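*Asks:* Handing you a structure now.
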Amino acid sequence: METSTIARPYAKAAFAFAVENDQLAHWSHMLETLAVISVDEQVKLFLENPVNSREQRASILCKIADSSIDQNGKNLVETMSVQNRLGLLPEVKIQFEQLKADKENAREVRVLSAYPLSDAELEKLTAELSKKFSANVNVNVEIAKELIGGVLIESDGVVIDNSIRGKLKKLAESLSI
């Protein structure tokens with residue numbers, strides 16, 4: 001069975017609990033902490049070692065997370081440990097964040113720009129993308145000098161190429177017909 005399928009019930013349960021208790025940000029932080037800890041090489045080796053009991057695995061993970069997780073987070077860790085699913089914490093985090101983004105009508109947008117954007121340009125671009133996608137957008141800008149000029153926008157499989165490189169490529173394709 002695929003890891004995303006196995007992780008889904010945990011993500012949905014955590015999300016439902018977080019919504020019911022108005023703790024989305026808190027649960028997002030707890031799951032991020034647990035996911036980061038669980039992929040640490042030494043922790044991963046400990047969690048995968050069959051010599052360690054499931055109780056020991058849960059206990060160590062909770063001790064490392066310390067005050068970053070509350071009793072409800074510890075309950076999730078213990079439940080996942082009983083089912084030998086602690087390795088799924090990063091996938092649970094990803095799915096939780098997707099559920100959270102859907103609820104908040106949020107969308108992650110990656111913008112590749114040939115040059116750094118000013119605050120005014122970023123604000124205008126964010127407003128335009130929010131309108132286009134009918135969602136609250138979180139814009140992450142990366143510099144890609146190979147674009148020559150303009151921007152390349154990517155979000156959930158949608159690509160908007162408004163770069164000079166992209167325009168030159170289209171022009172070259174139209175001339176070679």
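*Asks:* Taking A101, is it out of contact with any helix residue (DSSP H, G or I) (no Cβ under 9 Å at 6 or more places or on another chain), under 24 Å from N138 (Cβ atoms) and part of a helix (DSSP H, G or I)? Talk me through it step by step, then tell me what you get.
*Replies:* Numbers: out of contact with any helix residue (DSSP H, G or I) (no Cβ under 9 Å at 6 or more places or on another chain): yes; under 24 Å from N138 (Cβ atoms): yes; part of a helix (DSSP H, G or I): yes.
Judged against the criteria, A101 is a match.
*Asks:* How about the stretch 65-109: which of its residues are of a type in the set (K, R) and either open to solvent by less than 90 Å² (accessible area, probe 1.4 Å) or modelled with pLDDT of 95 or more (or both)?
*Replies:* K74, R85, K93, K100, R107
*Asks:* Show the residue pairs meeting these rules: Cβ distance below 8 Å; 6+ apart or different chains; first residue within the stretch 9-35 and under 16 Å from K74 (Cβ atoms) and polar (S, T, N, Q); second residue buried (at least 20 other Cβ atoms within 10 Å of the Cβ) and at pLDDT 95 or above.
*Replies:* T33/I69
*Asks:* Mind checking which residues of the stretch 126-154 are in contact with a strand residue (DSSP E or B) (Cβ under 6 Å, 6 or more places away or on another chain) and not in a strand (DSSP E or B)?
*Replies:* If the condition is that a residue be in contact with a strand residue (DSSP E or B) (Cβ under 6 Å, 6 or more places away or on another chain) and not in a strand (DSSP E or B), then T126, L129, S130, F133, A135, A144, L147 are the ones that fit.
*Asks:* Residue by residue through the stretch 118-140, note down the ones that are open to solvent by less than 80 Å² (accessible area, probe 1.4 Å) and either basic (K, R) or in contact with a helix residue (DSSP H, G or I) (Cβ under 7 Å, 6 or more places away or on another chain) (or both).
*Replies:* V137, V139
*Asks:* Give the residue, chosen from L99, L152, that is within 23 Å of S4 (Cα to Cα), in contact (Cβ under 8 Å) with a residue 40 or more places away in the chain and of a type in the set (A, V, I, L, M).
*Replies:* When all the criteria are applied, what remains is L99.
*Asks:* OK, next. Does V151 qualify as being aliphatic (A, V, I, L, M) and under 19 Å from the mean Cα position of the chain (by Cα)?
*Replies:* No.
*Asks:* Looking at (1) at pLDDT 90 or above; (2) within 22 Å of the chain's Cα centre (by Cα), which is the only condition S134 fails?
*Replies:* (1)
*Asks:* Another question, then. Specify the residue that is least open to solvent (accessible area, probe 1.4 Å); the eligible residues are those in the stretch 14-44 that are over 16 Å from the mean Cα position of the chain (by Cα) and under 15 Å from K103 (Cα atoms). Spell out how you get there, then give the answer.
*Replies:* Within the stretch 14-44, the first condition is being over 16 Å from the mean Cα position of the chain (by Cα), and the residues that meet it are 16-23, 40-44.
Now restrict to residues that are under 15 Å from K103 (Cα atoms): 16-23.
Numbers: A16: 54, F17: 71, A18: 0, V19: 57, E20: 152, N21: 65, D22: 140, Q23: 53 Å².
The selected residue is A18.
*Asks:* Considering every residue within the stretch 110-122, establish whether at least one is more than 29 Å from L24 (Cβ to Cβ), modelled with pLDDT of 90 or more and part of a helix (DSSP H, G or I).
*Replies:* yes
The values are calculated or read from the model by the stated rules, or taken from the named source; none is laboratory data. Since the structure is predicted, the reported quantities are computational estimates derived from the model, not experimental observations. Don't worry about glycine lacking a Cβ; one is built from the backbone with ideal geometry, like all the others, and counts go over all protein chains shown. Remember, those area values only see protein heavy atoms, side chains included, never the ligands or the DNA or RNA. Shrake-Rupley method; radii C 1.70, N 1.55, O 1.52, S 1.80 Å.
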